Amino acid sequence: MEKYERRTGKLGKTKDKKLRSFLKRGDLKSKDAAEKAADAEILLTESNGYLEPENEMEQTYKVKQEDIVANVDLATANKKISLDLPNFGPYSIDYSLTGNYLLLGGRKGHVSSFNWKLGEMGCELQLQETVHDVKYLQNDYECFAVAQKKYVYLYDQFGAEIHQLKHHVGATHLEYLPYHYLLATAGTTGYIKYQDVSTGQLVAELRTKLGNTTALRQNPYNAVLNAGHSNGQVSLWAPNMSTPLVKLLSSRGPVRSISVDRSGNYMAVAGQDKSLKIWDIRRFAVLEEYYSPKPASSTSISASGLLSVGWGSHVQIWKDVLTRSGEKVSAPYMNHLLPGHQVETVRFCPFEDILGIGSTKGFDSMIVPGSGEANVDALEINPYSYATRTGRRETQVKMLLEKLQPDTITLNPNDIGKVDSRSHAERLSASQKQAEEEHQALLDKQKLNALPGTKPANSRLRKMLRKKTKNVVDQRKMRIEHAWEREKQARENIKRKAEGLEVKTTGAAMRRFM
């Protein structure tokens, strides 16, 4: 029941009786909901079915796809598809929110959207220019974005061009935040831009100051963008901040790929130096570090926590690499080979035990037992509601009503709307307290060592210095007083001369001989 409980505030410090009763009722409702959610787990009887060897001599990574297809049911065997498109690759791929539709984008301009389960073609385009990345937008398959040679374009389900995003120049990576209706782009210009696809407004334009963006992936838990750069750093971005939330140094070369698991706790980063690091985002620490024979071109994490890595012509799936700390996994869970072709993109299909592979050959799918979600939460994303036109319309209206604002994107979304009752001193960490004490000591030292002739910024300090230096003989002060006396005497002489009176001559004793 602990994973369903939410953190509550302290009611003892609340003096308002009305607010106290309101918070108490909210906590009781939350506790009751957690108990019902824990009881409902009894009905979730499905479990992830992994490959299990019969003895210690057998290894799961030696099982080939032909053996799996020959031993599974006909419906699962038909999900293993292969498309030979060698003239337009390498291909970038993307699955829709429900996993029913597949979007292919060839580097030489070929774009195709279709229902891969039923084999129904949606649209097929030949843009005759470079295509860097493709991404499905809201409402399953009815709209998708294509990052082309210069700008980003939006197309509908029939392949008609809807809009040209001229603000997004040089974009090579696309990400879509479905709960915020935001399309994020990054590329060669060093900017990360957010576009609201429901209103058409450019929400944010952030300058990274880290050069070319080589990888981009969102955190499904809090919608924070994780961007990889050519200097080996990984930066975390939110549209309401002009500076990165966090910056991490992950590799000694450019970052090739980033993937984040659904819980938002772990991140896999592949670099040009052949490294693959597993990060714990909660502590921003490296759990384990692996190496591949060649730099990994793409990574992806499934709903059950399986990690797929594509390097060269190989695709490897690793199990339990996100949960083990201090103990490396010696062998992969599964292995797949594409002879004579280079892997470009790997993506797990939502709600299915399928891994999509985009390569220079075209597209291949791989059956990965245990990679899909066994118990689907239909209240979040229902893959069956998009089967009819009415279901798609109702789902779109509901998601528009529940649309989140860009200000809600933060590292810890559970703190939104909560008031921290701790004092300022209690909220400070040990490093912040030390920095504040050093700053206060520096200010005190400046007050003691301030020069008498300087003008302090604080009015209280100015009064203190005035009292302190009142009876002190200052050469600068004496020069100012003498100058003021001479000016006063000169004005009086001019006035007496105009009235015809005798002008007073004062000064040195030898002046009368001049």
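Laboratory data are not the source of any read-out in this text; all were calculated from the coordinates shown. In this text, all values refer to a predicted model and were calculated from it rather than measured experimentally. Every residue, glycine among them, receives a Cβ derived from its backbone with ideal geometry; neighbour counts consider all protein chains shown.
Each label point was placed 7 Å from the Cα along the Cα-to-Cβ direction; for LEU404 and ASP280 their separation is 2.4 nm.
What the phi angles of the range 213-228 give under the Karplus curve with 6.51, -1.76 and 1.60, with θ = phi - 60°, is a coupling list of 8, 9, 7, 8, 8, 8, 8, x, 7, 10, 6, 7, 8, 9, 10, x Hz, glycine and proline written as x.
Positive end of the dipole of the chain (Cβ unit charges, origin at the Cα centre): among ILE68, TRP237, VAL152, the Cα lying farthest that way belongs to TRP237. Both radii were evaluated on the Cα set of the range 325-392; the Rg over Rh quotient, with Rh as the Kirkwood radius, amounts to 1.10.
On a C-alpha basis, how far is the centre of the range 199-229 from the centre of the range 240-296 in Å? Whole number, if you could? After rounding, the separation between the Cα centres reads 15 Å.
Would you mind calculating the gained length between LYS495 and ARG479 on full extension (0.36 nm times residue separation, minus the Cα-Cα distance), in nm to one decimal?
This chain segment gains 3.3 nm when fully extended.
For the range 94-140, treating each Cα as an identical point scatterer without solvent, what Debye log10 I(q)/I(0) comes out at q = 0.24, 0.26, 0.28, 0.30 1/Å? Debye intensities relative to I(0), on a log10 scale: -0.84, -0.94, -1.03, -1.10. Other residues lying with their Cβ under 15 Å from the Cβ of ARG207 contribute a combined charge of +2, Lys and Arg counting +1, Asp and Glu -1. Mean projected area of the Cα convex hull of the range 23-104, taken over all directions, amounts to 11.4 nm². Each 20 Å bin from zero holds the following percent of Cα-Cα pairs in the chain: 17, 43, 19, 10, 7, 3, 0. Considering only Cα-Cα distances, which of the following residue pairs are longer than 27 Å: LYS117/LYS274; LYS209/LYS277; LYS108/LYS398; LYS193/LYS319? As for pairs spanning more than 27 Å Cα to Cα, those are LYS117/LYS274; LYS108/LYS398; LYS193/LYS319. Considering only the Cα atoms of the range 211-319, their convex hull presents on average a projected area of 6.4 nm². As an equivalent ellipsoid, the range 19-156 spans semi-axes of 39, 30, 14 angstrom, where each value is the square root of five times an eigenvalue of the C-alpha gyration tensor, largest first. The sum of -39500 (n - 2.57) across all DSSP H runs of n ≥ 4, divided by the residue count of the chain, sets its helix-only mean residue ellipticity at 222 nm to -6500 deg cm²/dmol. With R₀ set to 30 Å, the beta-carbon distance separating LEU51 from SER242 gives a calculated FRET efficiency near 0.05.
The ranking of LEU401, LEU225 from fewest to most other beta carbons within 10 Å of each one's beta carbon is LEU401, LEU225.
Normalised by the number of residues in the chain, the mean separation of alpha-carbon contacts (under 8 Å, six or more apart) gives a relative contact order of 11 percent.
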